[in-house]
């Protein structure tokens, strides 16, 4: 599945001229100030590190993508899981004066209306299986108030998140900011100075790609190139012994597992050579193994025909 940016034409087709014109004005509006920009960057680092930890542990699809300021009604940050066709759209607010509805009669649209429009476009127009709209708030009192008053119209697909603004990263980590536990999931040490350095590296890598759609694994590869001694390694897959035996008996077929990625090659009796690879999350691995155990393929053609290598 593909992550779609909301276009003027698509919104016009699905929601009418007024909403298309509103999106156009919204997308050409002002950028965040310095505090807002830093809040968005720190939030992105938190989500990226959390997602990387899930990927390393096999809990999340390795193809998971992120993007900042992604065209749409809820556009500050987007996370997309292609294997599940799930999209999460985040609006970030580093201010205590936030409400769900319109602040005044002069307000063009409310957060509630933006969230509903985002959901409608994702589900009805772009056919995502799941669309979540999430509001991240730096102010705890505002978070508590809005979290308890999510409008009924958007409640089924909306969540609130409290993410405190970060001043000094070292002070934030010492104060047990959420970033501390999250960075600790992907760092080989819980030392504050090392976590702060890892934060700085991820921030720098993200700043180079924040305007593009990019896989979290690609971001982590760049981080690893800069600080290879800091990041933990993905947990290696351990194949069921009966699955290994079945694969090992297929003539001309060989495979290798690195982290949670299986690469394979096949040489036919006529000398034709085929290679490929497949990312296996925990759920993917279970399906992969059960399919092979049920079918017991004896040839590469049998194996490939099961769809487990695609």
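The values are calculated or read from the model by the stated rules, or taken from the named source; none is laboratory data. No experiment lies behind these values; they were computed from the predicted model shown. Heads up, the Cβs are rebuilt from the backbone with ideal geometry, glycines too, and the neighbour counts pull from every protein chain shown.
List of remarks:
- Some residue of region 231-242 being over 30 Å from residue 297 (Cβ atoms) and crowded, with 19+ Cβ neighbours inside 10 Å: yes
- Top-ranked residue in region 135-149 [being part of a strand (DSSP E or B) and without any contact (Cβ under 8 Å) to a residue 60 or more places away in the chain; ranked as farthest from residue 4 (Cα to Cα)]: 137
- Given (1) over 30 Å from residue 235 (Cβ atoms); (2) touching a residue at least 12 places away in the same chain (Cβ under 8 Å); (3) surrounded by fewer than 18 Cβ atoms within 10 Å (Cβ to Cβ), index of the condition residue 159 fails: (1)
- Qualifying residue in region 137-156 (condition: surrounded by fewer than 19 Cβ atoms within 10 Å (Cβ to Cβ), under 20 Å from residue 95 (Cβ atoms) and at pLDDT below 95): no
- Residues in region 33-45 that are surrounded by fewer than 22 Cβ atoms within 10 Å (Cβ to Cβ) and touching a helix residue (DSSP H, G or I) at 6+ places or on another chain (Cβ under 8 Å): 41 alone.
- Filter pass, residue 54 being closer than 19 Å to residue 115 by Cβ, without any contact (Cβ under 8 Å) to a residue 40 or more places away in the chain and out of contact with any helix residue (DSSP H, G or I) (no Cβ under 7 Å at 6 or more places or on another chain): no
- Every condition in (1) surrounded by 15 or more Cβ atoms within 10 Å (Cβ to Cβ); (2) touching a helix residue (DSSP H, G or I) at 6+ places or on another chain (Cβ under 9 Å) holds for residue 108 except the one numbered (1).
- Enumeration of residues in region 262-284 that are touching a strand residue (DSSP E or B) at 6+ places or on another chain (Cβ under 9 Å) and in contact (Cβ under 8 Å) with a residue 40 or more places away in the chain: 264, 279, 280, 284
- Condition check for residue 62: buried (at least 18 other Cβ atoms within 10 Å of the Cβ) and more than 15 Å from the chain's Cα centre (by Cα): no
- Of note, residue 173 does not satisfy the criterion of being farther than 30 Å from residue 230 by Cα and assigned to a helix (DSSP H, G or I).
- Extreme residue, surrounded by the fewest Cβ atoms within 10 Å (Cβ to Cβ), among residues of region 123-134 that are touching a residue at least 40 places away in the same chain (Cβ under 8 Å) and assigned to a helix (DSSP H, G or I): 124
- Within this structure, residue 213 passes the test of being surrounded by fewer than 20 Cβ atoms within 10 Å (Cβ to Cβ) and touching a strand residue (DSSP E or B) at 6+ places or on another chain (Cβ under 6 Å).
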